[in-house]
1. Could you tell me which numbered condition A83 fails, if it satisfies all but one of (1) assigned to a helix (DSSP H, G or I); (2) farther than 15 Å from L94 by Cβ; (3) modelled with pLDDT of 90 or more; (4) aliphatic (A, V, I, L, M)?
2. Counting only residues that are in a helix (DSSP H, G or I) and touching a residue at least 60 places away in the same chain (Cβ under 8 Å), which one in region 69-80 is surrounded by the fewest Cβ atoms within 10 Å (Cβ to Cβ)?
3. Please determine, by comparing only the residues of region 1-48 that are of a type in the set (A, V, I, L, M, F, W, C) and farther than 19 Å from R59 by Cβ, which one is surrounded by the fewest Cβ atoms within 10 Å (Cβ to Cβ).
4. Looking only at region 36-83, how many residues end up being touching a helix residue (DSSP H, G or I) at 6+ places or on another chain (Cβ under 7 Å) and among the small types (G, A, S)?
5. Which of the residues spanning region 43-63 are modelled with pLDDT of 95 or more and assigned to a loop (DSSP other than H, G, I, E, B)?
6. Could you pull out the residue among E104, E93, E66, E108 that is assigned to a helix (DSSP H, G or I) and at pLDDT below 90?
7. Has region 7-14 got at least one residue that is closer than 16 Å to A101 by Cβ, in contact with a helix residue (DSSP H, G or I) (Cβ under 9 Å, 6 or more places away or on another chain), modelled with pLDDT under 95 and of a type in the set (F, W, Y)?
Amino acid sequence: MEFASTVDFANAARRLTRAAVRRGLVGPSYRCPPRLVGVDRTIRRRDAVDGGGAVVSVRVKGRPREAVLADMIEGVVVVNELASPDADRVRTELWTVVASASTERGSEISVRGAA
């Protein structure tokens, strides 16, 4: 299943960024599609002059929702330079955040095997 609209992508981005910040991590900004042709995800770190942080760009069109969410979550892990076991814990927590958002809307999302 793909994202139904850009509003769904924006809601997922907002939830993931807030969840990252609540955990004391850098909450990246998200955009779509990446500027580079032929890639599914890019990450651009911003200089302190630009306010710091990072932008995670994800290709949404023609991809399963779970693949897009996985790239968004992995963006948080990469931006924060997390390693196991912290990276694994954060991935699991962020999957829980997006899964709970889906059930709140009454739609289904499969997160099996994603953590």
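The values are calculated or read from the model by the stated rules, or taken from the named source; none is laboratory data. Owing to the predicted nature of the structure, the values given are computational and were not obtained by experimental measurement. Quick reminder, even Gly has a Cβ in these numbers, built from the backbone with ideal geometry, and neighbours come from all protein chains shown.
1. The failed condition is (1).
2. So the first thing to find is which residues in region 69-80 are in a helix (DSSP H, G or I), and the list is 69-79.
Now narrow it down to the ones that are touching a residue at least 60 places away in the same chain (Cβ under 8 Å): 72, 76.
Details: M72: 24, V76: 26.
Among those that are in a helix (DSSP H, G or I) and touching a residue at least 60 places away in the same chain (Cβ under 8 Å), it is M72.
3. Here is the first cut: in region 1-48, the residues of a type in the set (A, V, I, L, M, F, W, C) are 1, 3-4, 7, 9-10, 12-13, 16, 19-21, 25-26, 32, 36-37, 39, 43, 48.
Okay, now just the ones that are also farther than 19 Å from R59 by Cβ, so 19-21, 25-26, 48.
Numbers: A19: 19, A20: 23, V21: 11, L25: 18, V26: 15, A48: 7.
Here the residue is A48.
4. Filtering region 36-83 for residues touching a helix residue (DSSP H, G or I) at 6+ places or on another chain (Cβ under 7 Å) gives 40-41, 43, 54, 56, 58, 60, 69, 72-73, 76-77, 82.
In the following step, the residues that additionally are among the small types (G, A, S) were identified as 54.
Selection size over region 36-83: 1.
5. Scanning region 43-63 gives no hits.
6. E104
7. yes
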